[in-house]
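Computed from the coordinates by the stated procedures, all read-outs in this text should not be read as laboratory data. It should be emphasised that the depicted structure is a prediction, and the values quoted were computed from it without experimental measurement. Positions of Cβ are generated from backbone atoms using ideal geometry, with glycine treated the same way; all protein chains shown enter the neighbour counts.
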Amino acid sequence: MNSMNHAEYFIMKTGYLIDMDGVIYRENQLIPGAADFVQALQDTGTPFLFLTNNSAPTPEDLVVRLEHLGIRGLSSRFFYTSALNTADFLSETDPECTVFVIGEGGLLTALHERRIANDAIRPRYVVVGEGEATLGKLGKAHECIERGARLLVTNPDNWCPVSSTKTRPGAGAIAAFLEASTGARAYYLGKPNGYMFHRARRKFSELSFSEPDQVVMIGDTMETDIRGAIESGILSYLVLSGSTQLEGIADYVYQPTRVLQSVADLVEEIRTGKASDRLDSPALLLKDAPMRTVGQRHQTDILKLQKPRPRPAMTK
Ligand SMILES: [Mg+2]
């Protein structure tokens, strides 16, 4: 054995799975420090992958979207969406299947690339993602389910943020319509489903030459990002630049590994390669740190709309 303390010379290589909405941008605005954060990841060769529940855009669309916001030098392989996850799931579990799709380009393209055929007569699955769910399409999907199709949904989000005061219906809400009309139970992919994290990590190790020693999920939503990370056995950093307020965290049974004001808090430690000895953002130590006021609803919680704030989790 070498007499040197091995641990002193061992630098932990961390890979990051990064949520987009509320972490990198909010509405059409880049979150301050997000461009520096992505630049630091690129400059240091740190493995990373953007992980989003939005099934509407293709990875190429997301490259363009980030370019418009000022983040350059990325290619489509840095993005993993719930649409890609759905296509991966079907091509792994039922490669010969056919589908009737309610969704947009990102989902249609992902399924097409996996050679999964569309079928409006007798599909094996009705696949629901974000998008234009007209009554006509819902009626068709309803009929397909009555004829035996199973209901598969790209992600469980009932609503998606459009701006700080506005939301739009998400894939979970469209699926709820079909669950009510047919009595079928949907299966939800995307975060927090472990299959999303499992395939993301696989894609992740395909991207980098060596597998990271540890993987961290960075996200702004407790029910999807943080819950999924914990259930998949990886670390989780919650950022307060999106849908979660500091006061709300204690309500959950599961807790993030760290709480940060935004990804800007990580730039220094990525550049130096030394993990900060602070567990939480320095901004949280300030007594009157300004907190954003955002909606009370949770993206995956239907009951929350009718109920007052739930009791804090018993384990806290
Ligand atoms: Mg988010």
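Among MET20, MET12, rank each residue by its count of other Cβ atoms within 10 Å, from fewest to most, as a rough exposure measure. Write down the numbers at each step before the final one.
Numbers: MET20 22, MET12 11.
Listed from fewest to most nearby Cβ atoms, that is MET12, MET20.
Calculate, in nm to one decimal, what ASP213 and ASP251 gain on full extension: separation in residues at 0.36 nm each, minus their alpha carbon distance.
On the way: separation 38, 0.36 × 38 = 13.68 nm, distance 3.09 nm.
Contour length minus Cα-Cα distance gives 10.6 nm.
Once you have the Cα-Cα distance between ASP119 and GLU143, take 0.36 nm times their residue separation minus that, and quote the gain in nm to one decimal.
Details: separation 24, 0.36 × 24 = 8.64 nm, distance 1.24 nm.
Result: 7.4 nm gained on full extension.
On full extension of the chain, what length is gained from SER205 through THR134, given 0.36 nm per residue of separation minus the C-alpha to C-alpha distance? Mind showing how you got there, number by number?
Numbers: separation 71, 0.36 × 71 = 25.56 nm, distance 3.95 nm.
Length gained between SER205 and THR134: 21.6 nm.
Could you compute the FRET efficiency for LYS13 and SER76, with r as their C-beta to C-beta distance and R0 at 30 Å, rounded to 0.05? Before the final figure, lay out each step's value.
Numbers: r = 24 Å, r/R0 = 0.80.
Once the sixth-power term is evaluated, E becomes 0.80.
For a bin width of 10 Å, list the pair-distance distribution of the stretch 172-229 built from all Cα-Cα distances, rounded to whole %.
Answer for the stretch 172-229: a P(r) of 20, 37, 27, 12, 4 percent.
Label points 7 Å out from Cα along the Cβ direction at LYS274 and ARG168: separation in nm?
My value for the distance between the label points is 4.6 nm.
Using Cα-Cα distances under 8 Å and only pairs 6 or more residues apart, what relative contact order does the stretch 124-283 have, in percent? Each step should come with its number before you reach the end.
Values: 229 pairs, mean separation 22.5, N = 160.
Rounded, it is 14 percent for the stretch 124-283.
Would you list which aspartates and glutamates come within 19 Å of LYS13, measuring only between C-alpha atoms, while excluding same-chain residues fewer than 8 positions from it?
List returned: ASP43, GLU206, GLU211, ASP213, ASP265, GLU268, GLU269, ASP277.
Setting aside same-chain residues fewer than 8 positions from LYS191, which aspartates and glutamates have a Cα under 16 Å from its Cα?
Candidates past the 8-residue exclusion: ASP19, ASP21, ASP88, GLU130, ASP157, ASP220, GLU223, ASP225, GLU231, ASP301.
Over the Cα atoms, compute the radius of gyration (one decimal) and Dmax (the largest Cα-Cα distance, rounded to a whole number) for the stretch 84-188, in Å.
13.1, 43
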